[in-house]
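The values are calculated or read from the model by the stated rules, or taken from the named source; none is laboratory data. Just so it is clear, the model here is predicted, and its values are computed rather than measured. Counting neighbours? That spans all protein chains shown, and the Cβs are built from the backbone with ideal geometry, glycine included.
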Amino acid sequence: MTYDVLFVDDEPENLTVFEAACTGRFNVLIASSAAQALELLRQHVVFVLLTDQRMPKMTGLELLERVQREYPEVVRMLVTAYADLQTAIDAINRGQVRRYLKKPWQAGELMNALADGVEYYQMRAKLCGLERRLLETERVYSLGVITAGLARELDGPVSAVRGHVNRARQLLRETLGALPPDSSRASARGQLLDMDEELGESLVAAERALDVVRGVAIPTGPAKRQDVDVCEVLRLTLRLLQSELRTAGSVEIDVHPVPTVSGSAAQVGQVMLNLLVSALDMMVNSPRHQRAVSIRLRYDEPWIVFEVKSSGPPCGGEVDPDFRLVPRADPQRGLGLAISRSIVQDLGGELDTDVRAAGFAVRRVRFPHVNPERAS
């Protein structure tokens, strides 16, 4: 069973007050010792752990250190008296707790802290889920791109083999028809008939191989469609790249409310991730003060437009008709753009890039909306 909050304190009156204050707003568990808290964590899914510092046998900080090792997804908070303030600050600096509350805590401050913790837990869970879906989508589409390419390469040779076998059988039968029906030629006729049978078996094998090749070439069916909150997907994607964006130089983000998109969050997130990574990679050889990234999301009827603009000199590339700038040094990035194009086409959208003067590059994707009145 899932619980929002686990509160740990060795004083029964504090447990009673906490439970009375939080019941109705949060699903609450209480424990009177660190050992009991660990047992509850083994039995339940807990979002936020809030513990008092001064407890016998195991202090609150020692409990949080253990929870950090065994249940790192749990959001950890510490309740401490003023005398233990430095302990709480050190715990925060070492990443063992998200925040602390001074004793005695205020009801409003407590509610806000717990709500923040629950939201943070849920956000991280969404982010991890999206990351897993993005990786899975990338593997599926990468495999699709590779197998489709192999299918195109094999279709010609296998079709040629089938044609040659058919021609050989035709010539063989013409030769059989030209032989006189006398006993002296019976042995040669039998050998030719055996050859025709072998060629027939070869033709059957070639037909089977061709069926397999063409089956692989058939595009994978679209993912289960649902209404996708594009703003939410973009927010999670930016969280996924937050460390890269911090070092990217100047970053401008301009997001407006937009309608939902019909598709899957994994597909939309994969496109956004590929375009952002490609834009960031474009600037890798530029001095930081020359780097600038602009990320925009807007509704331009009838399209939802996601646009990434990056500055700085390109790090080396070549032009092709579909994606104007494809890096020579990094084929995987070109594959990422090809995957994005396949996804966007599946969703009924458009994807294009435009390399402009002074080294600016713009990547723009247009998604068809579900309902313009349902803006995120």
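Which condition does Arg296 not pass, out of (1) under 17 Å from Leu236 (Cα atoms); (2) within 19 Å of the chain's Cα centre (by Cα), if it passes all the others?
Among (1) under 17 Å from Leu236 (Cα atoms); (2) within 19 Å of the chain's Cα centre (by Cα), Arg296 violates only (2).
Checking Ala88 against (1) over 27 Å from Cys128 (Cβ atoms); (2) modelled with pLDDT of 85 or more, which test does it fail?
Of (1) over 27 Å from Cys128 (Cβ atoms); (2) modelled with pLDDT of 85 or more, only one is false for Ala88: (2).
If you go through segment 232-264 one residue at a time, how many are modelled with pLDDT of 80 or more and either of a type in the set (Lys, Arg) or not assigned by TED's automatic domain parsing to the domain that holds Leu275 (or both)?
Of the residues in that region, 1 qualify.
In segment 1-35, what count of residues is obtained for those that are assigned to a helix (DSSP H, G or I) and among the hydroxyl-bearing types (Ser, Thr, Tyr)? Lay out the reasoning, then the answer.
Just the residues of segment 1-35 that are assigned to a helix (DSSP H, G or I), to begin with: 12-22, 34-35.
Subset that is among the hydroxyl-bearing types (Ser, Thr, Tyr): 16.
The qualifying residues number 1.
Across segment 1-23, which residue is nearest to Val118 (Cα to Cα) among those that are surrounded by fewer than 19 Cβ atoms within 10 Å (Cβ to Cβ) and β-branched (Val, Ile, Thr)?
Within segment 1-23, the subset surrounded by fewer than 19 Cβ atoms within 10 Å (Cβ to Cβ) is 1-3, 10-13, 15-17, 19-21, 23.
Retained after the next criterion (residues that are β-branched (Val, Ile, Thr)): 2, 16-17, 23.
Working: Thr2: 12, Thr16: 21, Val17: 20, Thr23: 15 Å.
My answer is Thr2.
When Ala81 is evaluated against the numbered criteria (1) surrounded by fewer than 18 Cβ atoms within 10 Å (Cβ to Cβ); (2) touching a Lys or Arg at 6+ places or on another chain (Cβ under 6 Å); (3) at pLDDT 85 or above, which criterion, by number, is the only one it fails?
(3) is the only condition that Ala81 fails.
Taking Arg291, is it modelled with pLDDT of 80 or more and not aromatic (Phe, Trp, Tyr)? Spell out how you get there, then give the answer.
Working: modelled with pLDDT of 80 or more: yes; not aromatic (Phe, Trp, Tyr): yes.
In short, yes.
In segment 278-303, what count of residues is obtained for those that are assigned to a loop (DSSP other than H, G, I, E, B) and within 25 Å of Ser262 (Cα to Cα)?
So the count comes out to 2.
Go through the residues of segment 321-340 one by one and say whether even a single one is in the same structural domain as Leu238 (by TED's automatic domain parsing), assigned to a strand (DSSP E or B), at pLDDT below 80 and of a type outside the set (Phe, Trp, Tyr).
Filtering segment 321-340 for residues in the same structural domain as Leu238 (by TED's automatic domain parsing) gives 321-340.
The next check asks that each one be assigned to a strand (DSSP E or B); those that pass are 326.
Adding the requirement that they be at pLDDT below 80 leaves 326.
If we keep only those that are of a type outside the set (Phe, Trp, Tyr) too, we end up with 326.
Within segment 321-340 (the criterion being in the same structural domain as Leu238 (by TED's automatic domain parsing), assigned to a strand (DSSP E or B), at pLDDT below 80 and of a type outside the set (Phe, Trp, Tyr)), the answer is yes, since at least one residue qualifies.
Can Arg99 be described as among the charged types (D, E, K, R), within 22 Å of Ala125 (Cβ to Cβ), crowded, with 20+ Cβ neighbours inside 10 Å and in contact with a strand residue (DSSP E or B) (Cβ under 6 Å, 6 or more places away or on another chain)?
On the way: among the charged types (D, E, K, R): yes; within 22 Å of Ala125 (Cβ to Cβ): yes; crowded, with 20+ Cβ neighbours inside 10 Å: no; in contact with a strand residue (DSSP E or B) (Cβ under 6 Å, 6 or more places away or on another chain): yes.
Here the answer is no, as Arg99 does not meet what is asked.
Only residues that are at pLDDT 75 or above, within 21 Å of Gly156 (Cα to Cα) and of a type in the set (Gly, Ala, Ser): list them for segment 170-212, please.
Passing the criteria: Gly200, Ser202.
Can you find, within segment 24-51, the residue that is surrounded by the fewest Cβ atoms within 10 Å (Cβ to Cβ) among those that are of a type in the set (Gly, Ala, Ser) and within 14 Å of Glu62 (Cβ to Cβ)? Give the derivation first.
Within segment 24-51, the subset of a type in the set (Gly, Ala, Ser) is 24, 31-35, 37.
Restricting the remaining residues to those that are within 14 Å of Glu62 (Cβ to Cβ) gives 33-35, 37.
Numbers: Ser33: 16, Ala34: 23, Ala35: 13, Ala37: 26.
The extreme case among them is Ala35.
Just to be sure I understand, how many residues within segment 98-142 are at pLDDT 80 or above and in contact with a Ser or Thr (Cβ under 9 Å, 6 or more places away or on another chain)?
So the answer is 4.
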